[in-house]
1. If neighbour count is taken as other Cβ atoms inside 10 Å, put 84, 96 in order from fewest to most.
2. Could you list 82, 1 in order of exposure, starting from the residue whose Cβ has the fewest other Cβ atoms within 10 Å?
3. Compute the helix-to-body angle for 3-15: its Cα long axis versus the longest principal axis of the chain, expressed 0 to 90° and rounded to tens.
4. At a Förster distance of 25 Å, what's the computed FRET efficiency of residue 27 paired with residue 61, Cβ-Cβ distance as r, to 0.05?
5. Hey, rough spin-label estimate for residue 91 and residue 71, points 7 angstrom out along Cα→Cβ, what's it come to in nanometres?
6. In a GNM of the chain with a 10 Å cut-off on Cα contacts, which of 23, 32, 77 has the highest mean-square fluctuation?
7. Mind telling me which of 53, 37, 12 comes out most flexible in a GNM of the chain, alpha-carbon contacts under 10 Å?
8. 222 nm [θ] for the chain, helices only, -39500 (n - 2.57) per DSSP H run of 4+, per residue, to 500?
């Protein structure tokens, strides 16, 4: 089983409402490949959905360390920091996501 196939299965489990099964699969994925960005990002989102903001932040920080220029992880981190009550950090990540979005728009204007 590949890390990406585990992420795909975890996404399905999460969609079906089985958060614990999804997290188990994501843990397996990062054991196989500790640099699996998709697994860390998904883990951050699932933990956020369960109001486990500390665990969400931990996973999100690992993800952003792997792929610093990803719009989606900065958006996730902005939401996590906002829930944790740190508006400055939330705004920092929100601004980073906007800048990355603008860069993408400039690459492909239409």
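FYI, it's all coordinate maths here, none of it is from the lab. In this text the structure is predicted, and so the values were computed from the model without any measurement. All Cβ positions, glycine included, derive from the backbone under ideal geometry; neighbour counts span all protein chains shown.
1. Sorted ascending by nearby Cβ count, the order is 84, 96.
2. Numbers: 82 16, 1 10.
Listed from fewest to most nearby Cβ atoms, that is 1, 82.
3. 90 degrees
4. It comes to 0.90.
5. It works out to 2.3 nm between the two label points.
6. Between 23, 32, 77, it is 32 that shows the largest mean-square fluctuation.
7. Largest GNM mean-square fluctuation: 12.
8. Roughly -26000 deg cm²/dmol at 222 nm, from the helical runs in the chain.
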